[in-house]
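Following: one structure in structure tokens, then a few remarks.
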Amino acid sequence: MRAWGPLTAVCLGTFMLLLDVTIVVVALPDMARALDASLSDLQWVIDGYALALAALLLGVGAAADVLGHRRTQVAGTVVFALASLGCGLASNAEVLVAARAVQGLGAAAMFATTLPLLGAAYQGKRRSMALGVWGAVSGGAAALGPVFGGLLTEGPGWRWIFFVNLPVSVAAVWLTLRMVPESARSKGSATRRVDWAGTVTFALFAGALTFGAVRASAEGWTSARTGATFAVAALALIAFVAVERRVAHPLIDLRLLRKPAFTGVLIGAIGYNAAAFGVIPYLSIWLQTVLGMSPVRGSLVLLPLAATSFVVAALGGRLLHGAPARYVIGCGLLLIGAGGLAMAVLDAGSSWRALVPGLTLAGIGTGLVSPGLAGAALAAVPQRNAGMAGGAVNTFRQLGYALGVAVFGTVLTSRMGDAIGQDAAHTAAGGGASALTGRVAAHDVREAFAAGLNGASLTAGAVGVAAGLAVLLMVRTKPGRPAGQALSAAAEPAPVKQLQG
């Protein structure tokens, strides 16, 4: 037990924080009814967490280099647990969204320190094995989130999807303090200055971009306030680039973006999480509020995505060992895109069975993409930048999910609004479809929701296909370090000290 205690502690925390990215999706209708939440509220319940995790991951990781990785891991777990308690006790949507954002802060501290801690605890073959287990846990957590969420929502209630984090957090903290060694600090880390300016400007860019996409759902893409929000995002991005070019230890070395292979992997990362998971919350709402399914039955409909992902990831690791990442990841993204396109076949009479082919295709693609994405990024950059590359991939994945939920929600309500009116569309999409039956015929609501989901699924499919083509065109296979060796190198304490600069 002591030999694998550090792996258990790190994987426990990783599974918990990644599970919380998607565990809420099946509970959204119950949350809407209990808290009188709108569609934009529900979007922020998801995006508040994913966005905080994405926006703060690089900056918190850099701070951990100075403060100590184990100390940061424990502090992050405590913050995550307290925020989970706040989520479970929330009396309105605003409190829940705020607590979810704080959860994201704690999750960023936990996620940013996982590889350095594993690198300090294991060497040689044990390190490779530990990284393989950690990768499997990371890949499966998001896919299993809706299933666990359905069981808890229909059982003790939606608040328990947050309360369950408390005992798990206690166990993770105890194991970390008892069995996880502190990773050695690299030379100069104690005097290194954290790039707080880069952290703030990147967070402002990501937040304004996502907020603009959510606002467009209610006000339209061409409204003055939506345009002003996107203008803020553009200015924040310009400021971020200016900061990163000047600071001694940037969050990300912009010169890496000149490498087509690395840029292609980042495009793949943002497109992967958007296309594979961004429509899932709206599918869950449709299953429960339009088709009348229970949370558990609704979550089981989504099981083909998780099940095929696990099977393909397990088999692919053996059968595709040594295959060029360009083809594995690129083809996986194309399959995810095909899955989105295959789900755009709904009408007023459709049942849950219409989703199964698309979810299965997306699951196969997810199983191909998830295990190799980080390794492909690390293999595309010099070894000294391995940690930075890994952090960038994780950041872009979570940002892709946040943007996917926002953009696909806007497409959904726009298509629904064309059929039943904008206000009615927001009521139905927010989980209140049953409340419309007195004003709008049930058949019209089903038809409008199906049209909205078709639009969102088509958009997600297009994102997946575009990301897949970008990877196939930009990620060229060159002689050098294999991806697995690069991933192992990223866990080395010294290189990871450069994780965010």
### Message
Just to verify a number: FRET efficiency for ARG245 and ARG33, C-beta to C-beta distance, R0 = 51 Å, to 0.05?
### Response
0.55
### Task
Throw me the Rg/Rh for region 204-295, computed over C-alpha atoms with Kirkwood Rh, two decimals.
1.11
### Task
Give, in nm to one decimal, the length gained when the segment between ALA466 and ALA231 is fully stretched (0.36 nm per residue of separation minus the Cα-Cα distance).
82.1 nm
### Summary
the chain, Kirkwood Rh and Cα Rg, ratio Rg/Rh at 0.95
### Message
Ordering ARG476, ARG446, ARG397 by accessible area with a probe of 1.4 Å, largest first, what comes out?
### Response
ARG476, ARG446, ARG397
### Query
If you put +1 on each Lys and Arg Cβ and -1 on each Asp and Glu Cβ, how big is the dipole of region 1-94 around its Cα centre, in Debye rounded to 20?
520 debye
### Message
At 7 Å along Cα-to-Cβ for each site, give me the label-to-label distance between VAL95 and VAL345 in nm.
### Response
4.6 nm
### Task
Report the label-to-label distance for ARG353 and SER128 in nanometres (one decimal), using points 7 Å from each Cα along the Cα→Cβ vector.
4.7 nm
#### Entry: Å² per residue, accessible surface of the chain at 1.4 Å
37 Å²
### Query
Once Lys and Arg get +1 and Asp and Glu get -1 on their Cβ, which of GLY358, ALA348, TYR282 lies farthest toward the positive end of the dipole of the chain?
GLY358
### Message
If a paramagnetic tag sat 7 Å from the Cα of TRP196 along the Cα-Cβ line, which residues of region 61-90 would have the backbone N under 13 Å from that point?
### Response
63
### Task
Based on alpha-carbon positions alone, could you give the equivalent ellipsoid semi-axes of region 260-409 from the gyration tensor, as √(5λ), descending, whole Å?
30, 16, 12
### Task
For region 158-276, build the charge dipole from Cβ charges (+1 Lys, Arg; -1 Asp, Glu) around the Cα centre, then report which of VAL241, ILE161, PHE230 sits farthest towards its positive end.
VAL241
## Note on the structure
Projected convex hull area of region 285-329, Cα atoms, direction-averaged, in nm², equals 4.2 nm²
### Summary
Projected onto the charge dipole of the chain (unit charges on the beta-carbon of Lys, Arg, Asp and Glu, signs +1, +1, -1, -1), the Cα from VAL200, MET129, GLY417 with the largest positive-side position is that of MET129
### Query
Once you put a point 7 Å from the Cα of PHE163 and another 7 Å from the Cα of LEU254, both along the Cβ direction, what distance in nm separates them?
5.0 nm
### Query
For the chain, with only Lys/Arg (+1) and Asp/Glu (-1) charged at the beta-carbon, what is the dipole magnitude about the Cα centre, in debye rounded to 20?
2040 debye
### Query
Could you give the semi-axes, largest first, of the ellipsoid that matches region 90-243, computed as the square roots of 5 times the alpha carbon gyration tensor eigenvalues and rounded to whole Å?
34, 27, 15
### Task
With the full set of protein chains in place, find how many percent of the accessible area of the chain is carbon and sulfur; take the probe as 1.4 Å.
66 percent
### Message
Solvent-accessible area of HIS249, probe 1.4 Å, all protein chains present, reported in Å² to the nearest ten, please.
### Response
70 Å²
### Solvent-accessible area of THR229 with every protein chain in place, 1.4 Å probe, in Å² to the nearest 10
10 Å²
### Message
At 37 °C and a viscosity of 0.692 mPa s, what translational diffusion coefficient does Stokes-Einstein give for region 303-387, taking Rh as the Kirkwood radius over Cα pairs? Give it in µm²/s as a whole number.
### Response
237 µm²/s
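The values are calculated or read from the model by the stated rules, or taken from the named source; none is laboratory data. What you see is a predicted model; the values in this text were computed from it and never measured. Glycine also receives a Cβ, built like all others from the backbone with ideal geometry; neighbour counts cover every protein chain displayed. What goes into the accessible areas is simple: the full protein's heavy atoms, side chains included, and nothing from ligands, DNA or RNA. Shrake-Rupley method; radii C 1.70, N 1.55, O 1.52, S 1.80 Å.
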